[in-house]
Amino acid sequence: MARSTARVTDDRFSRLGTGLERFLSVPLERQTYLNLAYLLLAFPLGLAYFVFVVVGVSMGFGFSITIIGAIVGIPILAVTVAIALALAGFERWLTSSMLEVEVDLRTELSGDGRRDQFLSLVTDPKTWTPLVYLPVKFVLGLASFVLAITGLSTGVSMLLLPFYYDNPGVYVGVVPDRAPEIHQTLYLGWNYLLVGFEAVVTVGHWSIDTFPRALAAAAVGIVLLLVTLHVLNGLARLSGWFARVTLEDGYDPFAVVARSL
């Protein structure tokens, strides 16, 4: 029984040590920086994708409301879908190159004749999923960009505090113009009387003006950096999963056109 208990304890310590090692080693992993680069690229790319899809789809459907306008609107929609498929191909390459997530694609259309192949292309959901993926990438990219810039810059600033906290003209801390007050009020009715109680809490200011405080802030900065990198790795895995779900088995427009000629 004692041996079994000791073995369980050793397993727990082993798992704890492995988890701690993974937590601390994240800055030393090459994939961490590939994930970070992918997420930072996602914001400008996602913004461009979002504008392109919104403008293309809205113009296509807007012109297609009338019969005469459909002569212009339908080609706009067709071009929008074709470019979206090409951009989806670029995203597959980017995902597989930087996130090591393989996303398969198809190079041939189903069906025997041109008519069957066209119907297969139009009715296949994978033809239209890039129109969903491209705008959503903007949302993921925006969230990743804000988190990366905020978390990493704050963590680095706190990490370097011991080197500049006492420089002339540099102040680190929170000093409001007026000390904020928190008012807690409670009223109780008793017969015909209304009894009230109010507590006022005044929040002062704090500052980092000693070396021990700067070291403590630097330790917090290290933890913040590690946590931020792990969260960004999680967002990168989420982005890879979303790319696989929406772009898997999609068409390569260049290969499809080449085989159709």
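So that you can scan it fast, the table gives a plain yes or no per residue for (1) of a type in the set (K, R); (2) modelled with pLDDT under 90; (3) within 34 Å of the chain's Cα centre (by Cα); (4) surrounded by fewer than 17 Cβ atoms within 10 Å (Cβ to Cβ):
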{"site": "H183", "(1), (2), (3), (4)": "no, yes, no, yes"}
{"site": "L188", "(1), (2), (3), (4)": "no, yes, no, yes"}
{"site": "I208", "(1), (2), (3), (4)": "no, yes, yes, no"}
{"site": "R213", "(1), (2), (3), (4)": "yes, yes, yes, no"}
{"site": "V227", "(1), (2), (3), (4)": "no, no, yes, yes"}
{"site": "V231", "(1), (2), (3), (4)": "no, no, yes, yes"}
{"site": "Y251", "(1), (2), (3), (4)": "no, yes, yes, no"}
{"site": "F254", "(1), (2), (3), (4)": "no, yes, yes, yes"}
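Just to verify a result, which residue in segment 34-79, among those that are touching a residue at least 40 places away in the same chain (Cβ under 8 Å) and of a type in the set (S, T, Y), is surrounded by the most Cβ atoms within 10 Å (Cβ to Cβ)?
So, considering only residues that are touching a residue at least 40 places away in the same chain (Cβ under 8 Å) and of a type in the set (S, T, Y), the one surrounded by the most Cβ atoms within 10 Å (Cβ to Cβ) is Y49.
What number goes with the only condition from (1) more than 30 Å from L229 (Cβ to Cβ); (2) hydroxyl-bearing (S, T, Y); (3) at pLDDT 95 or above that T129 does not pass?
(3)
Among what's in segment 17-29 and is over 19 Å from the mean Cα position of the chain (by Cα), assigned to a helix (DSSP H, G or I) and not aliphatic (A, V, I, L, M), pick the residue that is modelled with the lowest pLDDT.
Start the filter on segment 17-29 by keeping residues that are over 19 Å from the mean Cα position of the chain (by Cα), which leaves 17-25, 28-29.
Then drop every residue that is not assigned to a helix (DSSP H, G or I), which leaves 17-24, 28.
Keeping just the survivors that are not aliphatic (A, V, I, L, M) gives 17-19, 21-23.
Details: G17: 61, T18: 74, G19: 71, E21: 80, R22: 82, F23: 78.
Filtering segment 17-29 for residues that are over 19 Å from the mean Cα position of the chain (by Cα), assigned to a helix (DSSP H, G or I) and not aliphatic (A, V, I, L, M), the one modelled with the lowest pLDDT comes out as G17.
State all residues of segment 137-161 that are part of a helix (DSSP H, G or I) and surrounded by fewer than 17 Cβ atoms within 10 Å (Cβ to Cβ); if no residue qualifies, say none.
So the first thing to find is which residues in segment 137-161 are part of a helix (DSSP H, G or I), and the list is 137-159, 161.
Within segment 137-161, V139, L142, A143, V146, L147, I149, T150, L152, S153, T154, V156, S157 meet the criteria.
Which pairs have Cβ atoms under 6 Å, sit 6 or more apart or on different chains, and link a residue in segment 136-160 that is more than 11 Å from L39 (Cα to Cα) to one that is modelled with pLDDT under 90?
Final answer for the pair search is M158/A217.
Just to be sure before I move on: is R92 out of contact with any Phe, Trp or Tyr (no Cβ under 7 Å at 6 or more places or on another chain) and surrounded by 14 or more Cβ atoms within 10 Å (Cβ to Cβ) in the structure I sent?
Yes, satisfied.
Scan segment 15-33 residue by residue and report those that are touching a residue at least 24 places away in the same chain (Cβ under 8 Å) and not polar (S, T, N, Q).
F23, L24, V26, P27
Scan segment 75-102 for residues that are more than 23 Å from the chain's Cα centre (by Cα) and over 22 Å from P44 (Cβ atoms) and jot them down.
P75, I76, L77, A78, V79, V81, A82
Looking at this structure, is L45 modelled with pLDDT of 90 or more, aliphatic (A, V, I, L, M) and in contact with a helix residue (DSSP H, G or I) (Cβ under 6 Å, 6 or more places away or on another chain)?
No; evaluated as a whole, the condition is false for this residue.
Would you please list the contacts, defined by Cβ atoms under 7 Å and residues six or more apart or on different chains, that run from a residue in segment 95-118 that is among the hydroxyl-bearing types (S, T, Y) and part of a strand (DSSP E or B) to a residue that is at pLDDT below 65 and surrounded by 11 or more Cβ atoms within 10 Å (Cβ to Cβ)?
Note: no pairs meet the criteria.
The values are calculated or read from the model by the stated rules, or taken from the named source; none is laboratory data. The structure presented is a predicted model; accordingly, all values stated were derived computationally and were not measured. For neighbour counting, all protein chains shown are included, and Cβ atoms are generated from backbone atoms with ideal geometry for every residue, glycine included.
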